[in-house]
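In what follows, a structure is listed as structure tokens, so that the remarks can point back to it.
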Amino acid sequence: MPSGGCHCGAVRYEASGEVLHHAICHCSDCRKSSGAPMTGWIAYKAEDFAVTQGRAKEHASSEHGRRFFCAACGTGLYYVNEAALPGIVDIQSATLDDPDALPPGAHIQYAEHLRWTETLDQLPKFDRFPG
Ligand SMILES: [Zn+2]
Ligand SMILES: [Zn+2]
């Protein structure tokens, strides 16, 4: 059963059942909210998702979009939008305990992508840091 949580450990969650979709979002809202050039989102039915420890703080990031994050450490955790995605919880997939286990299947909101992300794979790669 996939589990995950924030960086400080105050908020923990579990998901179960079928993954509805897992995508890398390139929209500017996600970029600002996460502080990262793109954000992974893995979706489960709301009844298959539970916060098991602590409580996430809610931020209304758009008319219907609600982003939930740890108030202690700031980690973005999940998103609910009852207008666009009724009955679904979208989890920031990088907060899973094993984020490598469930690969994404698509890029979404690609109209807003940063152009330099198109060539990320061509950059030099260091196991840690250069030099
Ligand atoms: Zn935290
Ligand atoms: Zn987005």
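Nothing in this text is a laboratory measurement; each read-out follows from the coordinates by a stated rule. Quantities reported herein were computed from a predicted structural model and do not represent experimental measurements. For neighbour counting, all protein chains shown are included, and Cβ atoms are generated from backbone atoms with ideal geometry for every residue, glycine included.
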key: Mean ellipticity per residue at 222 nm, deg cm²/dmol - from DSSP H runs of n ≥ 4 across the chain, formula -39500 (n - 2.57)   = -1500 deg cm²/dmol
request  = Apply the Karplus parameterisation 6.51 cos²θ - 1.76 cosθ + 1.60, with θ equal to phi minus 60°, to every residue of segment 6-15 and state each ³J(HN,Hα) to the nearest whole Hz, in sequence, with x for glycine and proline.
outcome  = 7, 5, 8, x, 5, 10, 10, 9, 9, 10
query = For the chain, with the dipole built from +1 on Lys and Arg beta-carbon atoms and -1 on Asp and Glu ones, taken about the Cα centre, which of CYS25, HIS113, GLY131 lies farthest toward the positive end?
reply = GLY131
ask   = Any idea what the relative contact order of the chain is, in percent, if you count C-alpha pairs under 8 Å spaced at least 6 apart?
value = 30 percent
message = Show me the GluC sites (Glu not before Pro) within segment 33-131 that DSSP assigns to loop and that have at most 12 other Cβ atoms within 10 Å of their Cβ.
response = GLU63, GLU82
message = Give me a comma-separated list of calculated 3J(HN,Hα) values for segment 109-114, in order, Karplus coefficients 6.51, -1.76, 1.60 applied at θ = phi - 60°, integers in Hz, x for any Gly or Pro.
response = 6, 5, 4, 9, 5, 6
inquiry  = Can you compute the modelled spin-label distance between LEU20 and ALA50, with each label point 7 Å from Cα toward Cβ, in nm?
reply    = 1.9 nm
task = Would you mind checking the radius of gyration and Dmax of the chain based on alpha-carbon positions, in Å?
result = 15.1, 50
query = Name the trypsin sites (Lys or Arg not before Pro) in segment 2-75 that are in a loop by DSSP and that have at most 13 other C-beta atoms within 10 Å, would you?
reply = ARG55
note = On the formula 1/(1 + (r/R0)^6), with r taken between the Cβ atoms of LEU114 and ALA71 and R0 of 30 Å, the FRET efficiency rounded to 0.05 is 0.55
